[in-house]
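Asker: Have a look at this one before I ask anything.
The values are calculated or read from the model by the stated rules, or taken from the named source; none is laboratory data. Bear in mind that the values here come from a model prediction, so they are computed numbers and not experimental data. Cβ coordinates were reconstructed from backbone atoms using ideal geometry, including for glycine residues, and neighbour counts include every protein chain displayed. Side chains are part of the model used for accessible areas, which takes the heavy atoms of the whole protein and leaves out ligands, DNA and RNA. Shrake-Rupley method; radii C 1.70, N 1.55, O 1.52, S 1.80 Å.
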Amino acid sequence: MLSDRRPILLTNARIIDPSRDLDFVGDLLMADGVIREAKRGIGAAGVPEGTEILDCRDKIVAPGLIDMRAFIGEPGAEHRETLATASQAAAAGGITTLICQPDTSPVLDDPAIVDFVQRRARDTSIVHVHPMAALTKGLKGAEMTEIGLLKAAGAVAFTDGAHSVVNAQVMRRALTYARDFDALIVHHTEDPDLTADGVMTEGEFAARLGLSGVPTAAETIMLERDLRLVALTGARYHAASITCAGSLDVLRRAKDAGFHVSAAASINHLTLNVGDVQSYRTFFKVSPPLRSEDDRMALVQALADGLIDVVMSDHNPQDVETKRLPFAEAAPGAIGIETMLCAGLRLVHDGTLSLSTLLRAMSSRPADLLGLPGGTLRNGAPADITVIDPDIPWILNAEDLKSKCKNTPFDESKLQGRVVRTYVAGRSVYEYL
Amino acid sequence: MNIAPKSAFVLHRPHLLGIEGLSPDEITGLLDLAEEFVELNRQVEKKRASLRGRTQINLFFEASTRTQSSFEIAGKRLGADVMNMSVSSSSIRKGETLIDTAVTLNAMHPDIIVVRHHASGAVELLARKVDCSVINAGDGAHEHPTQALLDALAIRRNKGRIDGLIVVICGDVLHSRVARSNILLLNALGARVRVVAPSTLLPAGIDRFGVEVFRDMREGLRDADIVMMLRLQRERMNGSFVPSTQEYFHYFGLDQKKLSYAKPDAMVMHPGPMNRGVEIDSIVADGAQSLIREQVEMGVAVRMAVLEALSRNLPNA
């Protein structure tokens, strides 16, 4: 599938570059791993000899997507996912950069392990992979990691992954120290005491199923605490996964006050709700749990308004050993790398979101926040590009997905639109049909 | 022996996983069939042959004395071969998963598996993996359908009806599968259902269950026809959900004084096992208004009815 490095011209495409608010029909030329030019009417005449020309009529050409939150099993849980299989899934989903999380075994809390992951990705992955490093050693929430050395080793941000740092003093010190290195702190906000043994958002659905509930306040309280610490320290802070209307109010206040604050929402919370947990289907068990339809709609609106900066997959591969269990005992998490864009297109097709807003939240915004060169179609930028047919109807079959684990909540879903080509540094890494 | 019951009621479904989804006709059909077994069970010759040749496995992942023995007696009186399997004496402790256990038992060709499990939804999960009928004998805080059926039978025999009665469910509704199944069943048959509990023992969203919610027991019991007490687990008494057993009994324990707010002919129920002096006073539990022992008797009859009605739907029945 990997083509040689011939120049490639994509013609007659709807070119969307959210980094510059551009949306026009034209051509894009890439060569030597970078974007040479994207404009109206480059045409076959104006390209070097040997250029491969692909007619992209009725297709969208956009920057390759950057998935800001993917849990990948390497190192330590390669039976669930490797960097190689995750990257195959990414390419098929139009994602050219994966941001992996430090919740591995061993934990990514040491520069040597961060280095290992990057080397391993270089050898086995067909898309770019950048790790976030642990914020505290062993993800234990007690001692901060070597933020300076880890950043120098290539960590693009610092997070305790799916864990929350409960101790406010530890969080304050980490934020203060991180500010000196201009490091981005990413935090999963869920108060573990309030969450306790809860497995589903509190309310009628949980009560009827006899499952212990979690109030949305468990998230909002932790976020509110964090944002007061951000006010105290001036650090750069990113909320890893915002899911409810209450948190949006808190977030809006912090943004209005001018703090360096951003937030992401997972594709699951943008497209599914608590009512989907029928018959105790564990593929719909995620963390934080799926919320009410009111919360979901508020989240989509916040994305449209720009209050939510980033849409991420929250990819979390789980196999039958961890999922084919009673709901309360099953592990949370859903795979999402390959389906993130397709699921997101639902919001575009139903008219609640513009395509450029969706693509911005999946490419140029994460690039800005993480200081990555992708997420744009500017001349000279890396030729990380996705070509999308926005209208093609299809039905998802979990067995066709490239992830090692098949725990998708979208199995047998009717979808409209899919990725038809993905280029990383000017090479084709995925071709549909 | 072997005289067919007058009721030819068949439960046209493979499993009994909960009250949810049962129609009022199905509930009434089961209760009518159970009435006949009440009579049978009071005779010297209690045995029938309608489940002869059938194998019934009682798979209990959670300790239970009365439910398990009730299902065992019910199956044996209908002529089934009954095997009891409980967690302490099985490979589940050795790490075998619920699904593995289900698949293993399924390979032995049972006709009916009766399951109790500590996790909500576990029985439904197991039912998807086996070819036989599955009866839910209690899953987590979700449902306990045969308890609700036996409660309904006891109520109907004493009050002559269920429609229009005021039934008050008191205590730990949050963790109670008995409460959930009873609310569903009593609402389906037209009772007016109230719940009485401290707010820490009520689930969020209880107001959407079609019940009236009371925090004051005397108000809640006013004009009640039936007072149904729930068990409060010991680990929930000391500061986690309520401050102490003393305080709980003071406000929510059923004694004669509180019972006097209900109708004079109100009946008192408890699914057992009781914590005497915590949720119920011994004088009330053993008093003239108590239906608690009758509930146990109805339990066997209702479980026979469920086994019989489900088995009539089995292949080759």
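Asker: According to a simple spin-label model (label point 7 Å from Cα along Cα-to-Cβ), what is the distance in nm between A:E412 and A:K137?
Answerer: Each label point is offset 7 Å from its Cα along the Cβ direction, giving 5.0 nm.
Asker: Could you let me know the centre-to-centre spacing of region B:252-269 and region A:179-212, using Cα atoms, in angstrom?
Answerer: 42
Asker: For A:K402, list the lysines whose Cα falls under 29 Å from its own Cα; do not include residues on the same chain fewer than 8 positions away.
Answerer: Partners found: A:K59, A:K285, A:K323, A:K414, B:K129.
Asker: Let me ask another. Report the semi-axes of the equivalent ellipsoid for chain B in whole Å, largest first, where each axis is √(5λ) for an eigenvalue λ of the Cα gyration tensor.
Answerer: 32, 23, 17
Asker: For region A:139-194, what is Rg from Cα atoms divided by 2.2 N^0.38 Å, rounded to two decimals? Show your work: numbers first, answer last.
Answerer: Values: Rg = 11.1 Å, N = 56, 2.2 N^0.38 = 10.2 Å.
Region A:139-194 yields a ratio of 1.10.
Asker: Moving on. Name the residues whose placed amide hydrogens come within less than 5 Å of the amide hydrogen of B:I166, ignoring near sequence neighbours (fewer than 5 apart) on the same chain.
Answerer: For B:I166, whose amide H was placed from the backbone, the distant partners under 5 Å are B:R192, B:D225, B:I226.
Asker: Write down the Kirkwood hydrodynamic radius of region B:37-132, to one decimal in angstroms, obtained as one divided by the mean of 1/r over all alpha carbon pairs. Numbers along the way, then the final one.
Answerer: On the way: mean 1/r = 0.0704 Å⁻¹.
So the Kirkwood estimate lands at 14.2 Å.
Asker: Taking R0 as 56 Å, what's the FRET efficiency between B:A288 and A:M297 from their Cβ-Cβ distance, rounded to 0.05?
Answerer: Using R0 = 56 Å, I get an efficiency of 0.50.
Asker: Helix-derived [θ] at 222 nm for chain B: sum -39500 (n - 2.57) over DSSP H runs of at least 4, divide by residue count, nearest 500?
Answerer: Working: 11 runs with 113 residues, N = 317.
Here the helix-only value at 222 nm equals -10500 deg cm²/dmol.
Asker: From the protein chains alone at 1.4 Å, what is the descending order of accessible area for B:K263, B:K47, largest first? Spell out each step's value before the answer.
Answerer: Numbers: B:K263 70, B:K47 95 Å².
Ranked from most to least accessible, the order is B:K47, B:K263.
Asker: Taking the Cα centre of each part, how many Å lie between region A:1-78 and region A:237-308?
Answerer: Here the two parts' Cα centres lie 30 Å apart.
Asker: Let me see the pair-distance distribution of region A:63-370: every alpha carbon pair, 10 Å bin width, integer percents in order.
Answerer: Result returned by the calculation: 6, 29, 38, 23, 3, 0.
Asker: Sticking with this one: If each of A:S279 and B:S69 carries a label point 7 Å out from its Cα toward its Cβ, how far apart are those two points in nm?
Answerer: Taking the two extended label points, one gets 3.8 nm.
Asker: Please report the buried accessible area for the interface of B with A, total over both chains, probe 1.4 Å, in Å² to the nearest 100. If you can, show how the numbers build up before the last one.
Answerer: Values: alone 13640 and 16710 Å², together 28860 Å².
Approximately 1500 Å², summed over both chains.
Asker: I'd like the distance between the alpha-carbon centres of region B:92-144 and region A:354-401, rounded to an integer number of Å.
Answerer: Rounded to whole Å, the Cα centres lie 45 Å apart.
Asker: Something else now. What base-10 log of the normalised intensity I(q)/I(0) is obtained for region A:1-159 from the Debye formula, alpha carbons as equal point scatterers, at q = 0.09, 0.17, 0.19, 0.20 Å⁻¹?
Answerer: Log-scaled intensity ratios, in q order: -0.40, -0.96, -1.07, -1.13.
Asker: Roughly what percent of Cα-Cα pairs across region A:15-99 reach past 23 Å?
Answerer: For region A:15-99, the fraction of Cα-Cα distances above 23 Å is 40 percent.
Asker: Something else now. How large a share of the accessible area of region A:128-266, in percent, is made up of carbon and sulfur atoms when the probe is 1.4 Å and the other protein chains stay in place?
Answerer: Values: 2730 of 5210 Å².
Its accessible area is 52 percent carbon and sulfur atoms.
Asker: In the neighborhood of B:E62, defined by Cβ-to-Cβ distances under 10 Å, what is the net charge if each Lys or Arg adds +1 and each Asp or Glu adds -1?
Answerer: Neighbour charge sum, excluding B:E62 itself: 0.
Asker: Residues of region A:190-223 with backbone nitrogen within less than 14 Å of a virtual label 7 Å along the Cα-to-Cβ line of A:R173, please, listed as ranges.
Answerer: Within reach of a label on A:R173: no residues.
Asker: Still on this structure, please answer the following. What order do A:V230, A:V25, B:V82 take when sorted by accessible area (1.4 Å probe), most exposed first?
Answerer: Sorted by accessible area, descending: A:V25, B:V82, A:V230.
Asker: Shifting gears a bit: How big is region A:268-425 in terms of Cα radius of gyration and Dmax, in angstroms?
Answerer: 16.2, 53
Asker: Heavy-atom accessible area per residue, the protein assembly as shown, 1.4 Å probe: how many Å²?
Answerer: Here the per-residue accessible area is 38 Å².
Asker: Then there is this: Work out, in µm²/s and without decimals, the Stokes-Einstein translational diffusion coefficient of region B:190-289 at 4 °C, 1.567 mPa s, Rh from Kirkwood over C-alpha pairs. Show your work: numbers first, answer last.
Answerer: Working: Rh = 14.0 Å.
My calculation gives 93 µm²/s for D.
Asker: What FRET efficiency do you get for A:D115 and A:E52 if R0 is 41 Å and r is their Cβ-Cβ distance, rounded to the nearest 0.05?
Answerer: Numbers: r = 36 Å, r/R0 = 0.87.
About 0.70, to the nearest 0.05.
Asker: Right, next: Report the local net charge at B:V123: Lys and Arg +1, Asp and Glu -1, summed over other residues whose C-beta lies under 13 Å from its C-beta. Before the final figure, lay out the partial values.
Answerer: Working: positive: B:R116, B:R128, B:K129, B:R177; negative: B:E20, B:E62, B:E124, B:D139, B:E143.
Around B:V123, the surrounding residues sum to -1.
Asker: To the nearest 500 deg cm²/dmol, what mean residue ellipticity at 222 nm is calculated for chain A from DSSP H runs of n ≥ 4 alone, each contributing -39,500 (n - 2.57), summed and divided by the residues? List each step's numbers first, then the result.
Answerer: Working: 14 runs with 129 residues, N = 433.
Result for chain A, helices only: -8500 deg cm²/dmol.
Asker: Looking only at A:K414, A:K137, A:K59, which one moves most when chain A is put into a Gaussian network model with springs between Cα atoms under 10 Å?
Answerer: A:K414
Asker: Rounded to two decimal places and with Rh computed the Kirkwood way over Cα pairs, what is Rg over Rh for the protein assembly as shown?
Answerer: Numbers: Rg = 30.5 Å, Rh = 28.7 Å.
When Rh is taken as the Kirkwood radius, the ratio is 1.06.
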